[in-house]
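Reviewing the structure listed below.
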C-alpha cells in the first residue's frame, strides 16, 4: 500500500501568464473541500497539480494517495480502490485495504479516471455521496473521509454523452474543472524549465559547470511544438546534456528514433514534403527577382525544411541535404 507518511512535495516551475493564472486558480480551490477535476494533455503535470492541491488544503497533514486507473485491468480496479476480504476471490489469502481506506483523512488522486469501468464508477459515486463503501467480498459498510481529485486527458463530457462514463459521477467530480496549459502555450517557461532540467542533469552526472545552451539550441527549443509537454522537454534536455562534449549544449535531439541508416530514397523523399513544396510554389508565384536573391531564398527554404523534418537535428539535416555537418553549420552562420 502507499506510504501514509510525509510526502515530499515537488514544485511546479513557471513564470508565464497562463501558468501563473492556472496556479492562482489551483490555490483558490485548494482550501475548498470538494472534488476537483484536472484536464490536460500528457506530460502537463497533472499529478504535480493534484499534489499541490493536497498540500494547500486543510488535509495537508493527511495521506496523499495516488492511483493510475489506466494501468490496471477492469477486474483489478475495484479491489485496488476498495480492498477485499480474505477469501473474496481466488488468491485473496488475507484481508487488504484499498486506496480509499489508505487515503482516509487525506486526498485520493485518481489519474486517468476515464479508464474506470462502469461497476467501479457506481461504487465511487456512492463514496462521493455517502462517504461509505464495502470491501470486495464484504457486506460491512466502511466510512471514510476522503477528498477526491481526478485527472484525465480524455473528453469526459463526450464519454458521458456516449454512455461510457456516468453523468451523475461526472457531475459530482466536477465541482471545479481546471485545464492545465500545454507547454506550447507557456513560451516564457520553456527556457526556464530547460535550464532547470539541465542543471539537475549536470549535477547528477557530476559535472563541475552548469550547462548553457547555444543560440542555435535555444532557438530550436523555443520553436519546438512539445507534443509531450514538460515530460518531453525534460527527456530532450537531459539527453542533450549527457551527450554534450562541453558545458555549452548545441546539439538538440528531439526524436531519438530517427535511424541514421535510413535508405537514401527515404531521405530524398523527406525533402519533398508539403513544407518544401509550399516553399517552391511561393517562389514560382512571386515576381521575378535577381538570381542571387532567388538562390539565397531557395537555400534558406530547403535548409529550414530539412531542420523541421529532423526535429532540428543538424547532423541528420546535413545528411538529408547531402552536406557535411560543417557545411550546414556554415550556411546557418551565413544566414544567422
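The values are calculated or read from the model by the stated rules, or taken from the named source; none is laboratory data. Not measured: the values here are computed from a predicted model. Note that we place each Cβ from the backbone using ideal geometry, even for glycine, and neighbour counts take in every protein chain shown.
Within the bounds of the range 79-86, is there any residue that is closer than 30 Å to residue 192 by Cα and modelled with pLDDT of 85 or more? Walk me through how you get there before you give the answer.
Residues of the range 79-86 closer than 30 Å to residue 192 by Cα: none.
No: zero hits.
Criterion first (surrounded by fewer than 13 Cβ atoms within 10 Å (Cβ to Cβ), closer than 29 Å to residue 183 by Cβ and modelled with pLDDT of 85 or more) does residue 245 satisfy it?
Criteria met by residue 245.
Can you list the helices (runs of 4 or more DSSP H) found entirely within the range 67-143 that contain at least 3 residues being in contact with a helix residue (DSSP H, G or I) (Cβ under 7 Å, 6 or more places away or on another chain)?
The qualifying helices (runs of 4 or more DSSP H) are 74-82, 118-130.
Filter the range 58-88 down to residues that are touching a residue at least 60 places away in the same chain (Cβ under 8 Å) and touching a strand residue (DSSP E or B) at 6+ places or on another chain (Cβ under 7 Å) and give me whichever is farthest from residue 144 (Cα to Cα).
Kept after step one, since they are touching a residue at least 60 places away in the same chain (Cβ under 8 Å), are these residues of the range 58-88: 59, 63, 65-66.
Then drop every residue that is not touching a strand residue (DSSP E or B) at 6+ places or on another chain (Cβ under 7 Å), which leaves 59, 65-66.
Working: 59: 14, 65: 14, 66: 16 Å.
Ranking the candidates gives 66 first.
Please state which one of 45, 105 is out of contact with any strand residue (DSSP E or B) (no Cβ under 8 Å at 6 or more places or on another chain) and buried (at least 20 other Cβ atoms within 10 Å of the Cβ).
45
Please name all residue pairs, on different chains or six or more residues apart, with Cβ atoms under 6 Å, provided the first residue is in the range 220-240 and is farther than 12 Å from residue 45 by Cα and in the same structural domain as residue 205 (by TED's automatic domain parsing) and the second residue is in a helix (DSSP H, G or I) and modelled with pLDDT under 95.
Qualifying pairs under 6 Å: 225/184; 226/184.
Of everything in the range 251-271 that's more than 19 Å from residue 213 (Cβ to Cβ) and not in a helix (DSSP H, G or I), which residue is modelled with the lowest pLDDT?
By that ranking, first place goes to 271.
Under 7 Å by Cβ, and 6 or more places apart or on different chains, what pairs join a residue from the range 317-332 that is touching a residue at least 40 places away in the same chain (Cβ under 8 Å) with one that is part of a loop (DSSP other than H, G, I, E, B)?
Taking only residues 6 or more apart or on different chains, the pairs are 320/271; 320/310.
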